[in-house]
1. Averaged across orientations, what area in nm² does the convex hull of the alpha carbons in the chain project?
2. At R0 = 25 Å, how high is the FRET efficiency between residue 99 and residue 1 if r is their beta carbon distance? Nearest 0.05 is fine.
3. Given R₀ = 22 Å, what would the calculated FRET efficiency be for residue 64 paired with residue 29, taking r from the Cβ atoms and rounding to 0.05?
4. Taking the highest mean first, how do the peptides 27-33, 51-57 order by number of other beta carbon atoms within 10 angstrom per residue?
5. Add -39500 (n - 2.57) for each DSSP H run of 4 or more in the chain, then divide by its residues: what number comes out at 222 nm, to the nearest 500 deg cm²/dmol?
6. Could you tell me what percent of the DSSP beta bridges with both partners in the chain are antiparallel, to the nearest 5?
């Protein structure tokens, strides 16, 4: 049996606020949004048709709320791969996504660090293709 990472839980303050950012600004797809009762929802978004999806998990207590935006400890911890770096960078910038640096062209590919609405750091990365 093959294994793969299906979901990554991302702590959020509010489901609708998070959907507006990840779907509205980043261009992710809303895969599922189901009511679970007691104000909880199962909200899944995905950057593409395949690969890891994100469960937008509303913080349920003060400890979880304190970790919103800090799940990576201030480091880049999410890596969004693309095959259209320039176009995605331009689209995301126009949508108001905060890039922390200008695009760089490294031996491994084109990259720029950005923050999501909570301050989590991501790399927008177009890996170099192997010849």
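Each value in this text was obtained by applying a stated rule to the coordinates, not by laboratory testing. Bear in mind that the values here come from a model prediction, so they are computed numbers and not experimental data. Positions of Cβ are backbone-derived with ideal geometry, glycine not excepted, and every protein chain shown enters the neighbour counts.
1. Values: hull surface 39.5 nm².
In nm², the orientation-averaged hull projection of the chain is 9.9.
2. Details: r = 40 Å, r/R0 = 1.60.
It comes out at approximately 0.05.
3. Efficiency at R0 = 22 Å is approximately 0.30.
4. Values: 27-33: 14.1, 51-57: 17.9.
Ranking the peptides 27-33, 51-57 by packing returns 51-57, 27-33.
5. On the way: 3 runs with 21 residues, N = 131.
Calculated mean residue ellipticity at 222 nm is -4000 deg cm²/dmol.
6. Numbers: 22 of 33 bridges.
Bridges in the chain are about 65 percent antiparallel.
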